[in-house]
Every structure is written in C-alpha cells, then in structure tokens.
Amino acid sequence: MRIYPSGSLKLEELEVRLPDDFPASFEPEYLLRDDEAKFSLHIHKVLEIGFCHEGSGFFIIGEKILQFARHDIVIVNNREWHRAQSRKGTISRWAWLYVDAQKLLWPFSQNIDILDSSHFCGKSFVNIFSATRHPAVYQTARHIIDEFSAPGLYHQDRVRALCCTLFIDLHRLDNWGENSELSSAKYAESLQRITPALDYLRTHYTEKIAIGSLAEVCCVSIATFRRLFATAMGKSPLEYLIELRVAMAGLELKESARSIQQIAWDHGFPNLSSFERMFKKIRGSTPGSWRRAAHAQNRTTGES
C-alpha cells in the first residue's frame with residue numbers, strides 16, 4: 001500500500017490480491033454505513049464493479065459527487081480517487097467485483113483498444129449506471145454480478161465473454177475521454193493536501209462553513225487552499241459545498257416524505273428560494289419536479 005505522506009488523512013492505494021489464473025475477486029456482501037470511515041480517498045490497481053442491493057447514498061469520485069440508489073451499478077477504474085457513504089441514518093448493502101481486465105481477457109480479446117479502461121474516468125464519465133439511463137452497460141454488468149453470485153457451467157468463459165462485452169459497451173458511450181490530469185503528480189499532491197477539508201465537508205456540509213476553517217484543517221493559507229482546491233477539484237470550495245448539499249438533499253427528496261422546506265433547512269440552505277435556485281441550477285429542475293419524477297421512476301421500476 002502506498003500512502004502519500006502529507007496531512008492527517010491519506011490518499012491510499014489499496015491492494016487487491018487476485019489469482020494469477022483467473023484475476024477476479026468477488027465480495028458478495030459489503031455493508032456501507034452513513035459514517036463510513038474505514039477508508040479515506042483511495043484507488044485500487046484494478047477495475048471495480050459494484051452493485052447496490054439496497055439503500056442509497058453518494059460517492060465522491062474525483063471532483064464528482066454522485067448519488068446512488070438501490071439496484072444501481074457503479075464502475076470505477078484504477079485512476080479515480082473515491083470513497084462512498086450511505087444516506088444519513090441508513091446502511092446500504094453492496095456486492096463488489098475486482099478484476100484485472102487486461103490479464104483476464106488476454107488472449108480472449110487481442111484488441112488492445114478494447115482492453116484499455118484508462119478512458120473510463122474524468123468529469124464526463126458517469127460512473128453510476130441505472131437500468132433506465134444506460135441499459136446496455138447496466139444489463140451486462142448485472143449479468144457479471146449474477147454470474148459471480150451463482151456460478152454456472154463454463155463460469156470463467158462466460159465471465160470473460162461478459163467482461164469483453166461490458167468494455168465494448170463502455171467504449172460505445174459518448175461521455176468519456178482521457179483525463180491525463182488524474183495521474184499527474186500535481187493533481188495527486190493537491191488532492192492529498194485538501195483531503196482533510198474534503199472529509200470535513202463530508203461530515204459538516206449542513207453547517208455554516210468558513211473558508212478559513214477549511215484552510216486551517218489543511219494547515220495552509222486561504223489563498224493556497226483555494227489554489228489547491230481548484231487544481232484538485234476543478235471548482236471552488238463553495239461550489240463543491242453547494243453540490244454536496246444538493247446531492248444529499250436530492251436523496252432525502254427521493255427517499256423521504258419530509259417537506260421540501262424542511263429538507264432545505266436541514267441541508268444548510270438559509271431559505272427555500274435559495275435551495276430551489278441552486279437545485280435547479282445543478283439538477284436542471286425544481287426540487288418538487290425532481291421529487292415527482294423520482295417517485296414516478298420508482299413506481300415504474302417497482303422500487304417504491
């Protein structure tokens with residue numbers, strides 16, 4: 001495990017040991033809590049595919065704050081620093097697959113371009129896939145998870161065939177592109193130095209937060225903190241905080257029957273109009289419209 005040695009919290013490269021003959025490892029049951037502190041921001045040297053059996057919450061993947069819900073698939077390659085936690089007061093249940101796709105699929109497929117997962121990252125890569133938004137990727141990934149959950153005849157051959165199909169489906173998406181900054185030393189150093197602030201924001205996002213407090217937990221000046229944050233996250237600390245508040249409020253809108261006004265107050269917004277304005281800016285619709293659409297989708301997919 002390599003740890004970048006600055007700050008009280010560390011970026012970690014977590015090692016996953018895979019068999020040489022069939023480089024894949026399956027964890028059928030992982031409970032993700034709302035105060036998850038087992039890992040800080042981390043990466044694995046292999047591709048991760050997760051399936052959410054139940055629950056909801058959010059992932060921090062690079063600069064992205066992404067909601068997850070029951071039955072979602074998440075795909076993270078070996079270049080994006082990430083962590084996750086469940087919605088406040090809940091526990092979500094996951095299955096995780098770790099796979100070295102290049103070793104697994106060679107010589108099953110000898111097309112180097114197909115086996116390259118380095119593009120599956122960055123600001124425009126969605127990471128979280130649902131049955132309605134990305135049916136091809138979602139169904140293939142579900143078949144892989146199901147095959148590991150209940151291995152059948154020719155298990156390894158079927159896994160290899162499905163993984164090859166998954167890579168092809170991912171390459172066919174039009175929302176990915178190589179992000180060379182993710183592997184740069186400057187990016188990693190900046191992300192490491194603001195990691196204490198990211199963790200502070202994750203646990204205090206409902207409170208009034210001063211930029212000076214964030215700089216202080218990182219042991220840098222305010223000007224240096226702003227520069228480091230922009231380099232690592234591509235946005236200002238305030239923009240990131242608002243996105244985090246909107247993401248968590250969106251989970252409450254979908255999962256609870258509490259009033260929109262109460263949700264706004266509980267997620268750090270001073271008034272309802274501020275919440276509605278920021279929510280529409282980020283989500284493209286008002287909180288009320290977004291809640292109705294989410295509930296309608298739940299009924300359609302049988303998740304309500």
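Since every read-out is calculated from the coordinates, none of them should be taken as a lab result. Quantities reported herein were computed from a predicted structural model and do not represent experimental measurements. Positions of Cβ are backbone-derived with ideal geometry, glycine not excepted, and every protein chain shown enters the neighbour counts.
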message = Would you report the distance distribution of C-alpha pairs in the stretch 2-179 as whole percents per 5 angstrom bin, up to the bin with the largest distance?
response = 1, 8, 16, 22, 22, 17, 9, 4, 1, 0
task = Taking only Cα atoms and a 10 Å spring cutoff, compute GNM fluctuations for the chain and point out the largest among SER117, SER285, SER86.
result = SER285
remark   = Zone reached by a paramagnetic label modelled 7 Å from SER274 Cα along Cα→Cβ, restricted to the stretch 241-264 with backbone N below 20 Å, covers 241-253, 259-264
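At most 15 other Cβ atoms within 10 Å plus a DSSP loop assignment makes a site exposed; report the longest stretch of the chain without any exposed GluC sites (Glu not before Pro).
16-177
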ask   = Could you give the nm distance between label points at ALA223 and TYR30, where each point is 7 Å from its Cα heading toward the beta carbon?
value = 4.2 nm
ask   = What is the spin-label model distance, in nm, from SER289 to GLU207 if the labels are put 7 Å beyond Cα along the C-beta direction?
value = 3.5 nm
remark   = GNM on the chain, Cα springs under 10 Å; top mean-square fluctuation among ALA293, ALA247, ALA197 goes to ALA293
task = List nothing, just return the count: lysine pairs in the chain, 8 or more apart or interchain, with Cα separation under 18 Å.
result = 16
task = Over every pair of different alpha-carbon atoms in the stretch 107-146, take the mean of 1/r and invert it; report that Kirkwood radius in Å.
result = 12.0 Å
inquiry  = I need the semi-axes of the equivalent ellipsoid of the stretch 184-301: take the C-alpha gyration tensor, multiply each eigenvalue by 5, square-root it, list largest first in whole angstrom.
reply    = 31, 15, 11
query = Based on DSSP H runs of at least 4 residues, each adding -39500 (n - 2.57), what is the mean residue ellipticity at 222 nm of the chain after dividing by all its residues, to the nearest 500 deg cm²/dmol?
reply = -13500 deg cm²/dmol
inquiry  = Pick from ASN77, ASN127, ASN271 the residue whose mean-square fluctuation is largest in a GNM of the chain, springs joining Cα atoms under 10 Å.
reply    = ASN271
